[in-house]
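**Q** Sending over a structure as C-alpha cells; questions will come in a sec.
The values are calculated or read from the model by the stated rules, or taken from the named source; none is laboratory data. For clarity, every value in this text was computed on a predicted model and none was experimentally measured. Note: ideal-geometry Cβ built from the backbone for every residue, glycine included; neighbour counts use all protein chains shown.
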Amino acid sequence: MTVRSKKLAMLDSIIRDIPDFPKPGIVFKDITTLISNPLAFKTAIDLFVEQLDDQDIDFIACPEARGFVWAAPLAYQLGAGVTLVRKPGKLPSATLQHTFDLEYGSDTLAIHADAFAEKDNPNVLIVDDVLATGGTAKATADLVAAAGGQVSGVAVLIELDFLDGRSQLSGLPITALLHY
Ligand code: AMP
C-alpha cells in the first residue's frame, strides 16, 4: 500500500454513511466526521493540493454550504480567490441564477454577476464535497461561464461513480480523492 492509498483509506474510514437521508433510498456521505478530525482534514487538503498545485487557478467557485469548507483552505494554499455560489437571496449584490435537478429534488444557485470583474478570462476551479448527479457542478459551471470565468476543472472529495455525474460536465478535468 502506498502512502497516498493509506491516507485515502484513513479518510474513507472516517466518512460516515447515513442511510435514507435526506430521503429514503439515498445513502448520504457525511463528511462532518472528517472535517472535525484535525489530522483527517489536513490530510484531505494536502492530498488536494498535491493534485492541483501545478494548475493556474485564479478563483475557486464553491456551491454552498459544504463546498465553502473545502474552497477556503484550498484557495489559501493555491493562491486563488474564493467565489461563493449560493442559494437565491443570500448574495447581497446583483446576481445571475440557475435552476437545476438534484439527486433529491431541484435547486437554484446564484453567483455575483461581477464575481470575476477584476480579471479577464480568469481560470476558475469548482470545488465541492460530493459529485453525485453532477447537477450542482454543472449549474456552478454554467454560472461561472455566465459571469465571464473559464472553468478549468472540478475538484471533489467524493465522486459517486454510479451516478455518472461526470457525464454532465462535458469532458472537464475532474479531481476526486475518493470514489464510491
Ligand atoms: P449533485 O448535484 O447531484 O451532484 O449533488 C451534489 C450536491 O449534493 C453536493 O453539494 C453534495 O453536497 C450533495 N449530495 C448529493 N448527494 C449526496 C450524497 N449521497 N451524500 C452527500 N452529499 C450529497
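**Q** Which condition number does A145 fail, the rest of (1) away from the ligand (no atom under 12 Å from the Cβ); (2) over 12 Å from C62 (Cα atoms); (3) at pLDDT 95 or above; (4) outside any helix (DSSP H, G or I) being met?
**A** Only one criterion is unmet by A145, namely (4).
**Q** Another question, then. From the list V130, V124, exactly one residue is assigned to a strand (DSSP E or B), in contact with a Gly (Cβ under 7 Å, 6 or more places away or on another chain) and not basic (K, R). Which is it?
**A** Of the residues listed, the single one that is assigned to a strand (DSSP E or B), in contact with a Gly (Cβ under 7 Å, 6 or more places away or on another chain) and not basic (K, R) is V124.
**Q** Among the numbered criteria (1) in contact with a helix residue (DSSP H, G or I) (Cβ under 7 Å, 6 or more places away or on another chain); (2) closer than 19 Å to G79 by Cα; (3) more than 10 Å from the ligand (Cβ to nearest atom), which single criterion is violated by I111?
**A** Only one criterion in (1) in contact with a helix residue (DSSP H, G or I) (Cβ under 7 Å, 6 or more places away or on another chain); (2) closer than 19 Å to G79 by Cα; (3) more than 10 Å from the ligand (Cβ to nearest atom) is unmet by I111, namely (2).
Per-residue answers, yes or no, for (1) under 20 Å from V154 (Cβ atoms); (2) surrounded by 19 or more Cβ atoms within 10 Å (Cβ to Cβ); (3) modelled with pLDDT of 95 or more; (4) not β-branched (V, I, T):
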{"site": "Q55", "(1), (2), (3), (4)": "yes, no, yes, yes"}
{"site": "D58", "(1), (2), (3), (4)": "yes, yes, yes, yes"}
{"site": "A61", "(1), (2), (3), (4)": "yes, yes, yes, yes"}
{"site": "E64", "(1), (2), (3), (4)": "yes, no, yes, yes"}
{"site": "A71", "(1), (2), (3), (4)": "yes, yes, yes, yes"}
{"site": "A75", "(1), (2), (3), (4)": "yes, yes, yes, yes"}
{"site": "G81", "(1), (2), (3), (4)": "yes, no, yes, yes"}
{"site": "A94", "(1), (2), (3), (4)": "no, no, yes, yes"}
{"site": "L109", "(1), (2), (3), (4)": "yes, yes, yes, yes"}
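**Q** What pairs come up if the first residue lies in region 6-35 and is among the acidic types (D, E), the second is modelled with pLDDT of 95 or more and part of a loop (DSSP other than H, G, I, E, B), and their beta carbons are under 7 Å apart, counting only those six or more places apart or on different chains?
**A** Qualifying pairs under 7 Å: D30/I15.
**Q** Considering each residue of region 33-90, count those that are β-branched (V, I, T) and in a helix (DSSP H, G or I), and give that number.
**A** 6
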